[in-house]
Amino acid sequence: MIRINENYTKLTASYLFADIARRVGAYVAANPGKPVIRLGIGDVTEPLPQVCIEALHSATDEMGSRGTFRGYGPEQGYPFLREAVARHDYAERGCAVEPDEVFISDGAKCDCANIQEIFSSDLRLAIPDPVYPVYLDTNVMAGRTGPSVDGRYKGVLYLESTPANGYVPDVPDAPADLIYLCFPNNPTGAVASRAQLTAWVEYARRNKAVILFDAAYEAYIRDPAIPHSIYEIPGARDVAIEFRSFSKTAGFTGVRCAFTVIPRSLKAWDDAGKEHALHALWTRRQTTKFNGTAYVVQKAAAAIYTDAGQRQTRALTDFYLGNARLIREAMARLGLPCSGGDNAPYLWVNTGHDSWEFFDLLLNKAQVVCTPGVGFGRCGQGHVRISAFNSRENVATALERIAEALA
Ligand code: PLP
């Protein structure tokens, strides 16, 4: 008899966005004349930069002719993109990352979901609360946690992000082996200072641990004092893997391209105490299970690193940050404490109400959809996430309606 991976039965049943869709669907069905504005979803709304469109067209033409057609590419990505990433994202910021330490992929979601399989099944996990659910759920699926009790999986060290710590968790007293960090953060929009990241790198070095640093929203950092990469912190090359994505930088959520950096100096140990390079393990994993990102897509990603590409993607992130500023100002006028939105496309509003109650209030009174914070973890209770990914017009209308509803 075929049996299932029982770890899947530990996953908490209701999925946040399915719950939201159900409530919004019921509201829309009951109120057909009241159009709803969605400020809840983490998907971009603006079209691709022109440089990417041109690169896609010309790469597609190459695929149409025998002399320039390409089949399977290197699993780790084409050298032209790995070199562009190493030069622009790292060397220019003073970080020592070599092109062959960059693994091109079709998304940061799959990379940060898949990476856990190169680590032992019985390690001590430290995961933020609130959190991008992928980090937690993939470890549940892999059997690294116990059951969920009162909304928390047994065996996980939760790193609490609260108003008291400005939504940047302090290093814990207890040791951990695998630590997930995400800055700029989804869902809180918080960024970590150099001192805070240094404390995490030192903690990881003390504990012979690995930090999985998700920098999917790096392109939104505007404060020059905030590090864009974990590798700006001395010693991080020995303890950190970094994930980046073109999804929110250049509107690639549907095109699909991202990358993961694994320095060659990053080591972990087997049961016998022998050292192994994680770069070699991930290379083995990718060459076995992944067949590379489409050539045309990698060409479009490489176009982002041209001067025109840099200008166009900057304009795109500036546009969303402009929305974020309007949302932040509106929340301030309503007296609602709000973080994020200045170096991130997300705003984290401390509503003073139950998350779902506030969600229902905005839906029913303002026809605006936000994301209940408690859906990202226990510490998200009392908060909602508002996303800046929308048209200026929709943001302005949504804010007018919220102001009226809460007046
Ligand atoms: N990491 C974080 C924190 C995210 O919020 C997201 C997408 O919302 C991703 C990774 C996934 O990015 P990608 O589109 O590259 O899979």
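Taken over the stretch 267-407, the percentage of Cα pairs per 5 Å bin, counting from 0 up to the bin with the maximum distance, is 2, 9, 13, 15, 11, 8, 9, 11, 10, 7, 3, 1, 0. Computed from point charges on the beta carbon alone (+1 for Lys and Arg, -1 for Asp and Glu), the dipole magnitude for the stretch 224-368 about its Cα centre is near 560 Debye. For the residues ARG325, ARG82, ARG70, a GNM of the chain with alpha-carbon springs under 10 Å puts the largest fluctuation on ARG70.
Within a straight-line Cα-Cα reach of under 17 Å, LYS267 can be paired with the following aspartates and glutamates, leaving aside sequence neighbours fewer than 8 residues apart in one chain: GLU98, ASP100, GLU101, GLU117, ASP177, GLU202, ASP238, GLU242, GLU275. The spacing between the stretch 149-199 and the stretch 345-368, judged by their C-alpha centroids, is 24 Å.
The relative contact order of the stretch 154-298, computed from alpha carbon pairs under 8 Å that lie at least 6 residues apart in sequence, is 16 percent. Which net charge results for the neighbourhood of ASP43, defined as the other residues with beta-carbon distances under 15 angstrom from its beta-carbon, given Lys and Arg at +1 and Asp and Glu at -1? After counting each charged neighbour, the total is +4. Here the label points at PHE17 and LYS34, each 7 Å from Cα along the C-beta direction, are separated by 2.5 nm in the simple model. Of the trypsin sites (Lys or Arg not before Pro) found in the stretch 1-50, the ones in coil according to DSSP and having at most 16 other Cβ atoms within 10 Å of their Cβ are ARG3. By definition, a body whose alpha carbon gyration tensor gives a ≥ b ≥ c is oblate when a/c is 1.5 or more and a/b is not larger than b/c, and the chain fits this oblate description. Across all directions, the average projected area of the convex hull around the alpha carbons of the stretch 190-340 is 11.9 nm². Placing +1 on the Cβ of every Lys and Arg and -1 on the Cβ of every Asp and Glu, with no other charges, gives the chain a dipole of roughly 420 debye about its Cα centre. How high is the relative contact order of the chain, given as a whole-number percent (alpha carbon pairs under 8 Å, six or more residues apart)? The normalised contact order for the chain reaches 23 percent. Counting only DSSP beta bridges whose two residues both lie in the stretch 62-199, roughly 20 percent are antiparallel. Net charge in the neighbourhood of TYR72 (other residues with Cβ under 15 Å of its Cβ; Lys, Arg +1, Asp, Glu -1) is 0. What is the Cα centroid distance between the stretch 213-251 and the stretch 16-30, reported in whole angstrom? Taking the Cα centre of each part, the stretch 213-251 and the stretch 16-30 sit 34 Å apart. At full extension, LEU326 and GLU117 could sit 71.1 nm farther apart than now, given 0.36 nm per residue minus the alpha carbon distance. Cross-link reach is defined here as a Cα-Cα straight distance under 17 Å, omitting same-chain residues fewer than 8 places apart; for LYS34 the lysines meeting it are LYS365. Roughly what % of DSSP beta bridges within the chain run antiparallel, to the nearest 5? If we restrict to bridges inside the chain, about 55 percent are antiparallel.
Projecting label points 7 angstrom from Cα along Cα→Cβ for PHE80 and THR287 puts them 2.4 nm apart. Over the C-alpha atoms of the stretch 126-218, the Rg to Rh ratio, Rh being the Kirkwood estimate, stands at 0.94.
The 3J(HN,Hα) values that the Karplus relation (6.51, -1.76, 1.60; θ = phi - 60°) gives for the stretch 65-79 are, in residue order, 10, 3, x, 10, 4, 10, x, 4, x, x, 4, 7, x, 6, x Hz. Gly and Pro appear as x. Ranking SER355, ASN390, PRO372 by Cα position along the charge dipole of the stretch 344-399, where only Lys, Arg, Asp and Glu carry charges on their C-beta atoms, puts ASN390 farthest toward the positive end. A simple rule links phi to the HN-Hα coupling: the Karplus curve 6.51 cos²θ - 1.76 cosθ + 1.60 with θ = phi - 60°, which for the stretch 253-269 gives 4, x, 7, 6, 7, 7, 8, 10, 10, 10, x, 5, 7, 7, 10, 9, 10 Hz, with x for Gly and Pro. Name the shape class, rounded, prolate or oblate, that the alpha-carbon gyration tensor gives for the stretch 270-311, where a ≥ b ≥ c are the square roots of its eigenvalues, rounded holds for a/c under 1.5, and otherwise prolate holds if a/b is larger than b/c and oblate otherwise. Taking the square roots of the gyration eigenvalues as a ≥ b ≥ c, the stretch 270-311 is oblate. A Gaussian network model of the chain, with springs between Cα atoms under 10 Å, assigns the largest mean-square fluctuation among PRO224, PRO372, PRO169 to PRO224. Considering only ASP223, ASP238, ASP100, the mean-square fluctuation computed in a Gaussian network model of the chain, springs between alpha carbons under 10 angstrom, is largest for ASP223.
Just to confirm a number: summing +1 for Lys and Arg and -1 for Asp and Glu over residues other than PHE290 whose beta-carbon lies under 14 angstrom from that of PHE290, what do you get? For residues surrounding PHE290, the net value is +1.
FYI, it's all coordinate maths here, none of it is from the lab. No experiment lies behind these values; they were computed from the predicted model shown. Note: ideal-geometry Cβ built from the backbone for every residue, glycine included; neighbour counts use all protein chains shown.
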